[in-house]
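Nothing in this text is a laboratory measurement; each read-out follows from the coordinates by a stated rule. The structure presented is a predicted model; accordingly, all values stated were derived computationally and were not measured. Glycine gets a Cβ as well: all are built from the backbone with ideal geometry, and neighbour counts include every protein chain shown.
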Amino acid sequence: MSNNDDLVAPLVHDAVRGNPSSWQEIVRRYTPLVRSVCRRYGLAAADTDDVAGVVWLRLVTHLADLRTPAALPGWLSVTTQRECLALLRHYTRQTCHDEWDVADTQPQPDARFLQLERRTALQHAIATLPDRDRHLLSMLFCDPPTPYTRISMTLRIPVGAIGPTRQRCLGRLRRHPAIAALLTTAAA
């Protein structure tokens, strides 16, 4: 047992019995430890004071449960670390919620303009497709989509050819100059 252990045990035992001077000595002796842990987490002075207050409150609550009085410095260090992490998690959650609260749900004028530009480009590109391809895409993308069996009967193509034909139609749309320009802009 070290000399420091010999000094901590009587302080802890006296503090458990309610001796105010022992409590004051524990706080005086270990406040630098608590503050140094808070500094490692980059907490501001006010946050450090808050964490220290919570740590001392937890010590009052759990001091009698401490099986080895010499373990007090380690207990304080671990408890301070946990409280620092809890505070940082709270700030992270609060920041995220604040950002959500500030977000404007209405589309901005630029967004509306871009949406109109995309719709116009898509309409021009679809107009260049053959009638059969336009009809296929309109049946596939209506709400609700037309079942493949009905598309097969209407357009007189095998059910197994609908997916590959759809892919070829979409490929032609992507290669249309107006759509290709929008895709290039969106990727940049």
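Miscellaneous remarks
- For the range 3-102, average projected area of the Cα convex hull in nm²: 7.1
- Each of Tyr91, Tyr30, Tyr148 was scored by other Cβ atoms within 10 Å of its Cβ. Listed from fewest to most, they are Tyr91, Tyr148, Tyr30.
- Per-q log10 I(q)/I(0), the chain, q = 0.09, 0.10, 0.14, 0.17 Å⁻¹ (Debye; single scatterer per alpha-carbon; no solvent): -0.60, -0.62, -0.89, -1.07
- Cβ-based exposure ranking for Cys142, Cys169, in which fewest neighbours within 10 Å come first: Cys142, Cys169
- Dipole magnitude (debye, nearest 20) for the chain, charges at Cβ of Lys, Arg, Asp, Glu: 1360
- Per-peptide average of other Cβ atoms within 10 Å, ordering 130-138, 31-39 highest first: 31-39, 130-138
- Here the Debye sum runs over all C-alpha atoms of the range 109-187 as equal scatterers in vacuum, and log10 of I(q)/I(0) at q = 0.13, 0.21, 0.22, 0.25 Å⁻¹ comes out as -0.46, -0.96, -1.01, -1.16.
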